[in-house]
Structures are given as C-alpha cells and as structure tokens.
1. Suppose we look only past 27 Å in the calculated P(r) of the stretch 25-153. What percent of the Cα-Cα pairs does that tail hold?
2. Under a 5 Å amide H to amide H cut-off, with H placed in plane at 1.01 Å, what residues pair with Ala247 once short-range neighbours are removed?
3. Val26 to Gln11: extension gain in nm, 0.36 nm per residue of separation minus the Cα-Cα distance?
4. Apply the Karplus curve 6.51 cos²θ - 1.76 cosθ + 1.60, θ = phi - 60°, to the phi angles in the stretch 227-238 and return the couplings in whole Hz, x for Gly and Pro.
5. Determine, from the Cβ-Cβ distance of Gln104 and Gln292 and an R0 of 56 Å, the FRET efficiency 1/(1 + (r/R0)^6), rounded to the nearest 0.05.
6. Just checking the chain: which Cys have no other cysteine's beta-carbon under 4.7 Å?
7. Residues with amide H under 5 Å of Leu200's amide H, sequence separation 5 or more or different chain, H placed in the peptide plane at 1.01 Å from N; which?
8. If we sort 67-75, 7-15 on the protection proxy, mean other Cβ atoms within 10 Å, highest first, what's the order?
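Quick note: the coordinates plus some simple rules give every number you see, no bench work behind them. The model shown is predicted, which means the values in this text are computed figures rather than measured ones. All Cβ positions, glycine included, derive from the backbone under ideal geometry; neighbour counts span all protein chains shown.
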Amino acid sequence: MQTAIPLSLLQRPEIAEADAILRSCVHCGFCTATCPTYQLLGSELDSPRGRIYLIKEMLEGKQSGEKTRLHLDRCLTCRSCETTCPSGVQYGRLIDIGRNEIEQRAPRPLWSRLIRQAMLTVMPYTPRMRIALLLGKLSRPLLPASLRRKLPLARAALPRPSALHQRRMLVLEGCVQPLTAPTTNAAAARVLDKLGISLLSAAEAGCCGAMHKHLSAAESARDMMRRNIDAWWPYIDDGIEAIVMTASGCGVMVKDYGHALQGDPAYATKAACISALTRDLSEILRNENISQFAGSGKGRRVACQSSCTLQHGQKLGGVVEKILQQCGYTLTPVADSHLCCGAAGTYTLLQPVLSQQLLQNKLVALQQGEPDVIATSNIGCQLHLESASKLPVRHWIELLDTN
Ligand code: SF4
Ligand code: SF4
C-alpha cells in the first residue's frame, strides 16, 4: 500500500514503524474472513483492512475524529487477522500505535476518560482490586444481573509444594489472577514440582502492564514493565531457567517487553533478556516428559478454548490440546476456534454488547461436543466464559493436578 505520511511525523520511531507496517499491507482482504467484529457487524470499517485504512488516513492527516476512534475501539486486538494475513502484516503493533495516536488527536469525552482512569487506578493493583471485589460481593443483591454474573466464583487453592529443586523457574502471579483464580498458579507449582522444577515468585512483581497498554497509557505500562524487570533481575542473576506465564494475556505482553523498551537505554538489554526467557506454561510442559500424568484425564471430555493471546499472539495454537490428549483427555470439537470469546482485557466492560454476542457464540461452539469441562489458558477468558457457562471452566493445568 502507498502511504503519504508527512516527513515531520516519520521522524518519530513509532510512526516510521507504522508506515512500514502499512506499506506491507496489499489490501487483499483475506483477513476480513476471520475477524470477529467484521463477522458480527458486516462493516468494512470494523474489519482489519478498514481499520488499517483508517490509521493510514489519520497518519496522513486526512481524518482523525470520533469515527476513527469508534472503529479502533471496537477492535478486540485478538490478532486473528495476523494469523490469516498472507503478507505478514503486524496488525497488533499497528493498532497499538493507532490507538495511542487517536487518543492525542481526538480526546474522549470526560465520562469516558473517567471510566478508563477508574479501571487503570483499580484493576491492575491486587490490593485495590481485592477491596473492589469485596465491595462487589457485599452489594451483590443490589447489582444488576449483568454485573452480578461477572463476580468471580470462590476458589480454594491446594497448598504449593515447599521442596526446593535444583531446577527453578519464576512465575508471574499477576494482578487479578491471585484473587480470582489462585488455583491456577498453585496447580502449576504442584505439576512442575512433580517434574522436579520449583516455581518461585518475586513479591515485588505485579501487573504485566497489558491493561495500561490496551487503554493507551503507554508510559504507565512501561513503568510497570520496569518494576517487573527490577523485581525479576536478581532471580535471573541467580540462574533461573525461565519466566513462566500461566495467563497467556500476560505472556504475550512480557514477550513484548524487549520491543516496548528498546528505546530505553537503561532497560533495553534487560527487557530483551526477560522476553527471551519468557515461556507460556504450555511451552514448558511440551518439552518435559509428562508420562506420569497420562492417566489424569481418564477419557473425560474437554472442550479447549484456545485463547487469542495463545494462538494468535504467541502462535502456540494446538499445544495445550496435545498436552491434554497425552494426559488422557478426550477433546471435543469446537467450531470457529480461531474466534475470540469477547473477553479481550477490558473489552467486556467497554464494549458489552459485542462482547456478550461473542461470548454466546463461543459458548455454543464449546458446548456442541457435550464436554464435561471447558479448558482455557487465560484468566480473562476463564472469568468471561464462566460468567455465562453451565459447565465448569478451568485453567488447563488444573486438569493435570488430579492427585
Ligand atoms: S492485513 Fe493482510 S490480509 Fe488484510 S488486507 Fe492487508 S495484506 Fe491482506
Ligand atoms: S485484531 Fe481481531 S478484531 Fe481487531 S481487526 Fe484483527 S481480527 Fe478484527
């Protein structure tokens, strides 16, 4: 695609990057076939190709108003279009740059800014989120049904092992997951312990920064990255093997630290090292001998929800499915498994109508093979799916932690 972005703008590294991405798009439209918002709304401007065109027009100075912001806001950042694109267009990078740009050029109304700021002030901080959840539970009878369903179920985690093995890995506890699904990291620690690996965590680490990044608070996101790097660095000096992510949404973010901090002389090298050491839990398990878990499934039927951040963001589609099969589970068919469930970070709160439509479609697809349980790899998807599912929704590692 030809572009005509003013030279003065191209001096900025992120705009030069956007220009290169725009030029790699040949406008073929293959990506529209796998875009969830295009499938729901049928509008070119709600397709990847349409959004790419809107970003190009904005950077060329033709238009950058509410219309552009509306269609960029409706994008789930699921990156299904990236998986489909035959030209390798890095849409995920482009939409981040486009969103940061539109925030400057077309400021949101006050109420919208206040809602987004409230989310950023509470959700990525575990102690604040704990209070918010407590208030939500206390006022449960007064809440509308739509909000009541979003309150997470109570889950008690089994104890983590105390033995310290020679093989050690770090795990990110995250911000929301310790409160809503402490079972996940406990199960990961117990399973890895059986493989002779200790899972450690750094108390000072916290939110990966994804929420700030998605809400175009780029500098705050980088501050969170720097804090995590500082928290993890002593463990890296001490020879840990890997940094394990049990939420694929965090994993895709931490794997991008190297790119996000490449312009920061104090952190660029460390950030690249952190990204290179980061693995999704499924990447660890697929390289270990997991034969001791072969009888875990006993033929139980499981529908696997392949989170977008795992299959499109990290290109690890099919890995969890294979592990579950090796562990004796029977996978049930799931139609349109490339489509997003509608969770997508804060999308469920900011785009409730589209999010609920995607959720209902996803649940129909997951339940069609009559599974006993739904497995996922991301806390956001887990909470979103179980807000409307009649079946239990578990992180897949819990299915291996059976005794
Ligand atoms: S993003 Fe890829 S698939 Fe979509 S129009 Fe551009 S080149 Fe074609
Ligand atoms: S990231 Fe997802 S929702 Fe956004 S344009 Fe691509 S396929 Fe569509």
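1. On the way: 3060 of 8256 pairs.
The share of Cα pairs beyond 27 Å in the stretch 25-153 comes to 37 percent.
2. none
3. Values: separation 15, 0.36 × 15 = 5.40 nm, distance 2.42 nm.
Computed gain between Val26 and Gln11 is 3.0 nm.
4. For the stretch 227-238, the Karplus-derived couplings read 4, 5, 4, 4, 5, 8, 4, x, 6, 5, 4, 8 Hz, x marking Gly and Pro.
5. Working: r = 54 Å, r/R0 = 0.97.
Computed FRET efficiency for Gln104 and Gln292 comes out at 0.55.
6. Isolated Cys, the chain: Cys25, Cys28, Cys35, Cys75, Cys85, Cys273, Cys304, Cys327, Cys341, Cys381.
7. Amide H neighbours of Leu200, under 5 Å, 5+ apart: Met169, Leu170, Val171.
8. Numbers: 67-75: 19.1, 7-15: 11.9.
Going by the mean number of other Cβ atoms within 10 Å, highest first, we get 67-75, 7-15.
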